[in-house]
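To start, the structure itself, in structure tokens.
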Amino acid sequence: MTIAETEIFMVPLNKLTISEKNVRKTNAEAIDDLLASIPVHGLIQNLSVEPTEKQGHFAVVAGGRRLRALKRLAKEKVFAKDYPVKCSLAKSDAKGLSLAENIIRAPMHPADQFDAFKEQIDSGKTIEETADAFGVSPTVVKKRLKLAAVAPEIMKVFRKDEIGLNEVAAYTLTDDQERQRTVFKAMPKAASWQIKKALTEGNIPLSDKRVRFVTLEAYEAAGGGIIRDLFAERGDEAYLTDAALLDRLFAEKIEEVLEPVRAEGWQEVLFSPEGYYSVSEKYRGRVYPTRRELTPEEEQQRDAMTEQLEALGVEVEADPDNEELAAEWQELSDRIDAMTPEVYDPEEMAKAVAVACFDHNGNLTIHRGLTVKNGNTRSEAKTGPKVDAEGIELPGASMQEELAAVRTACVAADLAANPKIALVATVQALAAEAFSRYGGHSACQISLDRGHPEQRIANKEMRPLVASEAALAAKREAAPKNPGDWWGYFLAMDETALLEHLAVFTAISLKAFNPFGGAAVRVQADALAEALESRPEQWVTLSDLDFLRRTKKSVILAAVERVKGKDRATNLSGMKKGDLVERATAELDGLWLPASLSAFASEADREKASAPYYDPVFDDAIEGDELDEEELDADDTLPQAAE
């Protein structure tokens, strides 16, 4: 019987092979979609075959992926080895037929997949049901549906293959399509990492050491917001949006770690955000523990445990693969070691400090017994709470940081209106890049990262914030809409107008409120504020800050006493906190602000910043001179960091 080219006939699966004429030579293409689809829908499209020399056997000219999927399903016992497969005879030009079918049946464009998947979901099907229907994984469905968040203008360009899937995926980091359009118009050919950077500006990546320490779970449990990157394959898969909450959780967890260490009896216990190298520069001395003598009862107990350990050791040697036995031996060994603990002399502890800092792996480590050269951490021990320049108790760390952010906003607002000082500040920043080996990696070694003081300030309508944002908005509004026209726009601008723009751009980069910033940064920020003659009272009032409501009653009364006198403070001392806040705010508004608003740097910061600075760039050997033996010997005398 002759079978026509258009006739469909059934061939047992075990009598089908791949034809040498099949143009799809590689097996690298995934068949996971077919493995999911064929058991549900069957073989929708028949295979194109031609007879072989072996009677009853056929070679597949078009449909190689489908055949491989069927063979896999038979191997996994989903189908029988002789499962009947729909086939039709290939036309005379078998290789041309194979090529045409492979082109016609190329994978759908991701944008088309999105349309198809969305139609299924809109009809009431679940993600899992949609995945089964199309023979793909649920993850693929979720990723394609996420494309619904992308602005139509961007999807249009994507459908034309003018940008790739990675770039489109980057835009899904925000559902704000207007923000997507702004980034796209500014950088139409941007890479995915550039898009992500623009959309997540001001947010905190998962790789941040604070996130690792606090944990993402704790941050989310506290109500912190997260932007998740569904398309991330490695690295940061989410970004935290509430920096203030993260800093608070970080400070609280640090305090939990330090509290039991304080109970040990050290003169001072503190956290250093700058790492152990900075700690070892300050504390070059150290006291060491000694092993405590055991009591007779403890010695007897240790001897008994040692005998038990030796017996276990024999069993471990006889059965080296027994993990439970090995773990029991290790636990007992640790208990014996713990019986002879190292202890510090209480008198030495009273003169030494314990410092917590992160190591290079991001683990928090406690360094105990540190001292300065003379064996004392300070000339006299601190007593009572820390006070500000006016002698009033300092607010908590979170409030101090917000006050520093307010001062930053005030200085930035003044800086935006002073082109000359902005130019000086910019040149100073560029000098730091040019004179040191630790610059950035952009083509011109210049970058602008916004300081974002508004993220740390509760009152978003505060005057300096509004003024700075208005200054930036005015410059942006006046500029051409098309970024491609900006070069000509600025090239035609006179020097005065350029300096005005520079002032605004420099102002929004100001960031002196980072608790993990260096002392030199805070000192330079104060110098900048002084040059601007920036005064916080010109920008904010006590009621703007809502400071009194968030501080102790004793601090409120101390402020009243300083401004209104002791008698007035005594008269108000009997009031309830809420009433006192309202009365004191009314009486002090315009007359008093927290001293923390007057300076970024502490006295310790100024001392540290004024210390002699060594930079290898300024070494006499910079021209390539060889160090002689006398210089090499001198290098051996340099102080070493404490272990």
Practice problem: Sort out which residues of the stretch 1-36 are at pLDDT below 85, basic (Lys, Arg) and out of contact with any strand residue (DSSP E or B) (no Cβ under 6 Å at 6 or more places or on another chain), and write them in order of number. | Solution: Arg24, Lys25
Quiz item: Of all the helices (runs of 4 or more DSSP H) wholly in the stretch 234-331, which have at least 3 residues that are touching a helix residue (DSSP H, G or I) at 6+ places or on another chain (Cβ under 8 Å)?
Solution: 243-262, 296-318
Quiz prompt | The listed residue being modelled with pLDDT of 80 or more, exposed (fewer than 15 other Cβ atoms within 10 Å of the Cβ), part of a loop (DSSP other than H, G, I, E, B) and of a type in the set (Lys, Arg), out of Lys460, Lys382 | solution = Lys460
Practice problem: Spot the failing condition for Thr126; the list is (1) within 32 Å of the chain's Cα centre (by Cα); (2) under 18 Å from Ser37 (Cβ atoms); (3) surrounded by fewer than 19 Cβ atoms within 10 Å (Cβ to Cβ), and only one is missed. | Solution: (1)
Exercise. Evaluate the following for Glu433: is it under 25 Å from the mean Cα position of the chain (by Cα), modelled with pLDDT under 65 and of a type in the set (Asp, Glu)?
Key: yes
Quiz prompt | Criterion violated by Ala520 - all others in (1) among the hydrophobic types (A, V, I, L, M, F, W, C); (2) loosely packed, with under 15 Cβ neighbours inside 10 Å; (3) assigned to a helix (DSSP H, G or I) satisfied | solution = (2)
Exercise. Could you look through the stretch 546-565, keep only residues that are under 30 Å from Glu607 (Cα atoms) and hydrophobic (A, V, I, L, M, F, W, C), and pick out the one that is surrounded by the most Cβ atoms within 10 Å (Cβ to Cβ)?
Key: Phe547
Quiz prompt | So Glu500, is it surrounded by 11 or more Cβ atoms within 10 Å (Cβ to Cβ), more than 24 Å from Asp242 (Cα to Cα), at pLDDT 75 or above and not hydrophobic (A, V, I, L, M, F, W, C) | solution = yes
Quiz item: Has the stretch 510-519 got at least one residue that is at pLDDT below 90, among the aromatic types (Phe, Trp, Tyr) and assigned by TED's automatic domain parsing to the domain that holds Asn418?
Solution: yes
Self-check item: Residue satisfying all of: in the stretch 140-172; surrounded by fewer than 17 Cβ atoms within 10 Å (Cβ to Cβ) and within 20 Å of Tyr239 (Cα to Cα); modelled with the lowest pLDDT among these
Solution: Ala149
Quiz item: From the list Thr174, Thr182, Thr200, which one is in contact with a helix residue (DSSP H, G or I) (Cβ under 7 Å, 6 or more places away or on another chain), closer than 21 Å to Glu454 by Cβ and not aromatic (Phe, Trp, Tyr)?
Solution: Thr174
Quiz item: Just wondering, is there one or more residues in the stretch 178-194 that are touching a residue at least 60 places away in the same chain (Cβ under 8 Å), in a helix (DSSP H, G or I) and not aliphatic (A, V, I, L, M)?
Solution: yes
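The values are calculated or read from the model by the stated rules, or taken from the named source; none is laboratory data. Every value quoted in this text rests on a predicted model; they were computed, and no experiment measured them. We place every Cβ from the backbone using ideal geometry, glycine too, and count neighbours over all the protein chains shown.
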